[in-house]
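Okay, structure first, notes after.
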Amino acid sequence: MRKFGLIAIVLLDACAPNGIRPLRPFEIATAPYHSGNIQSLVGSLMYESGCLLFRNEDGSTQLLPVWPSGSKFEESLVTFHRPAKSDQRVVIGEEILIDGQPGDWSALDNRAFERFRHQCRAEPFFVSGVTPAN
């Protein structure tokens, strides 16, 4: 009986989470607004494996948008919050022009962004503007 208890403890320990919690439904990466050297990309947003990602129009680039603080994601809609401007709504799958700057994982707060890095497996991109592509 003692062996059974020891085996059960080992098996339960193997099932425990490894410190990275799964993303909650409709959770997005947010950070303070970034401005500066701007890049523009055309593509669309997609929600896959619990991650809101941006894929450019030819599919060669996939990025994790880091939205300005105050932005929200509900169902199939992102409410993009830009300081001192009106909030803008963006629908998943809609072709958009996204402005911002590429980020580097090493420059981000590891505790706040670690779950995005491991689950989403895409490079961060700090969003500073979004407009319809057409």
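Each reported figure results from applying straightforward, stated rules to the coordinates on display, with no laboratory input. Worth saying up front: this structure is predicted, and the values here are computed from it rather than measured. Cβ: placed from backbone, ideal geometry, glycine included. Neighbour counts: every protein chain shown.
Restricting to segment 122-133, what's the tally of residues that are touching a residue at least 60 places away in the same chain (Cβ under 8 Å) and part of a strand (DSSP E or B)?
Adding up the residues that qualify gives 7.
Could you list, in sequence order, the residues of segment 34-73 that are among the charged types (D, E, K, R) and under 17 Å from VAL91 (Cα atoms)?
GLU48, ARG55, GLU57, LYS72, listed by residue number.
Quick test of your reading of the structure: ASP109 fulfils all but one of (1) surrounded by 15 or more Cβ atoms within 10 Å (Cβ to Cβ); (2) out of contact with any Lys or Arg (no Cβ under 9 Å at 6 or more places or on another chain); (3) within 12 Å of ALA29 (Cα to Cα). Name the failing condition by number.
Failing condition for ASP109: (1).
Test ALA122 against the stated conditions and say whether it is of a type in the set (Gly, Ala, Ser) and either buried (at least 17 other Cβ atoms within 10 Å of the Cβ) or at positive phi (or both).
The answer is yes for ALA122.
Does segment 79-106 hold any residues that are surrounded by 14 or more Cβ atoms within 10 Å (Cβ to Cβ) and of a type in the set (Gly, Ala, Ser), and which are they?
Scanning segment 79-106 gives GLY100, GLY103.
Looking at segment 72-105, which of its residues are closer than 19 Å to GLN39 by Cβ, without any contact (Cβ under 8 Å) to a residue 40 or more places away in the chain and more than 15 Å from the chain's Cα centre (by Cα)?
Within segment 72-105, no residue meets the criteria.
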